[in-house]
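So the structure is just underneath, and the comments pick up after that.
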Protein chains: 2
Amino acid sequence: MLRLYDAPLSGNCYKVRLLLSHLERPYERVDVNLLSAESRRESLEGRTPIGKVPVLELDDGRCLAESNAILWYLARGTPFLPTDPFAQAQTLQWMFFEQNNLEPNLAVARQWVVILKEAERHREALKAKYEAGGTALSVLDRHLERRRFLLGQQPSVADVSIYAYTHVAEEGGFDLEPYAAVRAWLTRMAKRPGHVPMEDAEAPGPVRQER
Amino acid sequence: MLRLYDAPLSGNCYKVRLLLSHLERPYERVDVNLLSAESRRESLEGRTPIGKVPVLELDDGRCLAESNAILWYLARGTPFLPTDPFAQAQTLQWMFFEQNNLEPNLAVARQWVVILKEAERHREALKAKYEAGGTALSVLDRHLERRRFLLGQQPSVADVSIYAYTHVAEEGGFDLEPYAAVRAWLTRMAKRPGHVPMEDAEAPGPVRQER
């Protein structure tokens, strides 16, 4: 069985749980305490050179890190990854955009504001996050104005990837009001069969286990 | 013929020129002035939703953005992308790591220090870049201690991707001295047949054109 080294509050981990739910694939879930370096090291030691969650462990023990690489691996051969090479490259284009332009702003702002409750301490840096994250949200909004999903009519792993931190951007202090196309897309995504919310620890599939 | 919307100082653009040189693929090169928003808009309008270089234009006019998505697209069917799905996912793992952990620290520090010459203005933020970038370089160093290249015996697009900003990290104020395995790997990469330096505008292949 697949095993996911996971953290409930991490959008990067949620991406993988969301795709696994869409694909109806059972998996075992191992909670990693992100706020304790020791606990994180114990859980992940020998499993990933990168030291971050999520990590996906296959039934033969091989491990893979980086949420978007995991999504790509799991989505091969399913409707969530196009088969045409150019469309696959476009899917990756949006996933690299996510890791470079969206996640470092939306996820870090959310981490500072709601997880660590250190908004005041990071006041200046937060301004830069809101500006750069706003630019990324504008790119997304213009692209979605004439599309149901990022690549057209059907959702792909690019949508799953970008949904994760965008749907909780307001927790970090972003205002999604100006981005009507993004908001409509978020609603479409949440209505898909197989959708599970981020903090639904009791979602069908996983066998929960603490570490 | 392939056309690359390019900027000579951008490591993300250099990645694509380096791979094209390794693959001996001819291409036309269009310089985009990154410091002028208007010039950038004029050059890229209608070619990419994302608004960044590099952008690769295929001979049928279709365009692709995000350096690592471009590398992946060009490398299919060549020795620079493994064919095994798990090895492909590991290649992507390192490329997502590059865009999330390495590039935002190494490239931004270099931008502030040598391109914009604003080190003093960003003094506090630079400290955070050195710390986070140092963590990423340590990950890379431990991984390369027992490997010739990131995935083993042969270089892949993951190596090309990570080489681009790592080999100029010291321009941004990083000290590579503690990372012996990274330094040995940089030397191995630079000795590969087909290697071209970053600022060698006269490298074989491209037909230069200004915009």
request  = For B:Pro178, place a label point 7 Å out from Cα along the Cα→Cβ vector, do the same in each other copy, and report the separations in nm, one decimal, smallest first.
outcome  = 4.0
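Take every DSSP beta bridge with both residues inside chain A and express the antiparallel ones as a percent of the total, to the nearest 5. Write out the running numbers ahead of the final one.
On the way: 7 of 16 bridges.
So the antiparallel bridges in chain A amount to around 45 percent.
What accessible area per residue comes out for the range B:14-153, rounded to a whole number of Å², with a 1.4 Å probe? Kindly include the intermediate steps, with their values, before the conclusion.
On the way: 6110 Å² over 140 residues.
So the range B:14-153 comes to 44 Å² accessible per residue, rounded to a whole number.
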remark   = Buried accessible area between A and B, both sides, 1.4 Å probe, in Å² rounded to 100, is 3000 Å²
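What net charge do the residues around A:Tyr179 carry, taking every other residue with its C-beta under 12 Å from that of A:Tyr179, with Lys and Arg at +1 and Asp and Glu at -1? List each step's numbers first, then the result.
On the way: positive: A:Arg142, A:Arg183; negative: A:Asp141, A:Glu145, A:Glu170, A:Asp175, A:Glu177.
Local charge sum for A:Tyr179: -3.
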ask   = What base-10 log of the normalised intensity I(q)/I(0) is obtained for chain B from the Debye formula, alpha carbons as equal point scatterers, at q = 0.13 Å⁻¹?
value = -0.73
note = Which of B:Lys52, B:Lys117, B:Lys15 fluctuates most in a GNM of chain B (C-alpha springs under 10 Å)? That residue is B:Lys117
query = Distances from B:Glu45 to the same residue in each other copy, label points 7 Å out along Cα→Cβ, in nm, shortest first?
reply = 5.9
ask   = Helix hunt in chain A: which complete DSSP H runs extend at least 24 Å axially by C-alpha with mean Kyte-Doolittle at least -0.5?
value = A:123-144
Exposure ranking of A:Ile50, A:Ile115 by accessible area [1.4 Å probe, largest first] = A:Ile115, A:Ile50
note = Taking a label point 7 Å from the Cα of B:Lys191 along Cα-to-Cβ, the residues of the range B:12-50 whose backbone nitrogen sits under 19 Å from it are B:22
ask   = With charges set only on the Cβ (+1 for Lys and Arg, -1 for Asp and Glu), what does the dipole of the range B:55-99 come to about its Cα centre, in debye to the nearest 20?
value = 100 debye
key: Most fluctuating residue given options B:Ala190, B:Ala158, B:Ala65, as computed from a GNM of chain B linking Cα atoms under 10 Å   = B:Ala190
query = Between rounded, prolate and oblate, where does the range B:135-203 land on the alpha carbon gyration tensor, with a ≥ b ≥ c its root eigenvalues, rounded for a/c under 1.5, else prolate if a/b exceeds b/c?
reply = oblate
query = Under a plain spin-label model, where a point goes 7 Å from the Cα along Cα-to-Cβ, how far apart in nm are A:Ala180 and A:Glu42?
reply = 5.3 nm
inquiry  = For a quick check: with amide H placed at 1.01 Å from N, whose amide H comes under 5 Å from A:Leu2's, ignoring anything fewer than 5 positions away on the same chain?
reply    = A:Glu28
Dipole axis of the protein assembly as shown (+1 Lys, Arg; -1 Asp, Glu on Cβ), positive-most option in A:Thr78, B:Leu71, A:Asn12 = A:Thr78
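Enumerate by residue number the GluC sites (Glu not before Pro) in the range B:71-177 meeting two conditions: DSSP loop (anything except H, G, I, E, B), and at most 14 other Cβ atoms within 10 Å of the site's Cβ.
Working: sites: B:Glu98, B:Glu118, B:Glu120, B:Glu124, B:Glu131, B:Glu145, B:Glu170, B:Glu171; in loops: B:Glu118, B:Glu120, B:Glu145.
Here the GluC sites (Glu not before Pro) that fit, given the DSSP loop and packing criteria, are B:Glu118, B:Glu120, B:Glu145.
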Heavy-atom accessible surface of the range B:1-94: percent carbon and sulfur, 1.4 Å = 47 percent
query = Given labels modelled 7 Å from the Cα in the Cβ direction, how far is it in nm from A:Asp59 to A:Gln154?
reply = 2.6 nm
query = So what is the relative contact order of the range B:1-94, in percent, for Cα pairs below 8 Å that sit 6 or more residues apart?
reply = 29 percent
remark   = Calculated from DSSP helices alone, with each H run of at least 4 adding -39500 (n - 2.57) and the total divided by the residues of chain B, [θ]222 nm to the nearest 500 comes to -13500 deg cm²/dmol
key: Inter-copy spacing of A:Arg147 label points, which lie 7 Å from Cα along Cα→Cβ, given in nm from shortest upward   = 3.1
task = In a Gaussian network model over chain B where Cα atoms closer than 10 Å are linked, find which of B:Leu116, B:Leu151, B:Leu34 has the largest mean-square fluctuation.
result = B:Leu116
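Quick check: from the Cα gyration tensor, does the range A:113-172 come out rounded (a/c under 1.5), prolate or oblate?
Details: a/c = 4.12, a/b = 2.10, b/c = 1.96.
In terms of gyration-tensor shape, prolate.
Take the Cα atoms of the range B:40-142, build their convex hull, and give its volume per residue in Å³.
Details: hull volume 14.5 nm³, N = 103.
Residue-normalised Cα hull volume stands at 140 Å³.
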ask   = In terms of the Cα gyration tensor, with a ≥ b ≥ c the square roots of its eigenvalues, is the protein assembly as shown rounded because a/c is under 1.5, prolate because a/b exceeds b/c, or oblate?
value = rounded
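What is the dipole size for chain B, taken about its Cα centre, with +1 at each Lys and Arg Cβ and -1 at each Asp and Glu Cβ, in debye to the nearest 20? Present the calculation step by step, with values, prior to reporting the outcome.
Numbers: 27 positive and 29 negative charges, 79 e Å.
Its charge dipole is roughly 380 debye.
The values are calculated or read from the model by the stated rules, or taken from the named source; none is laboratory data. Because the structure is predicted, anything quoted here is derived from the model rather than measured. We place every Cβ from the backbone using ideal geometry, glycine too, and count neighbours over all the protein chains shown. For accessibility, only protein heavy atoms count, side chains too; no ligands or nucleic acids. Shrake-Rupley method; radii C 1.70, N 1.55, O 1.52, S 1.80 Å.
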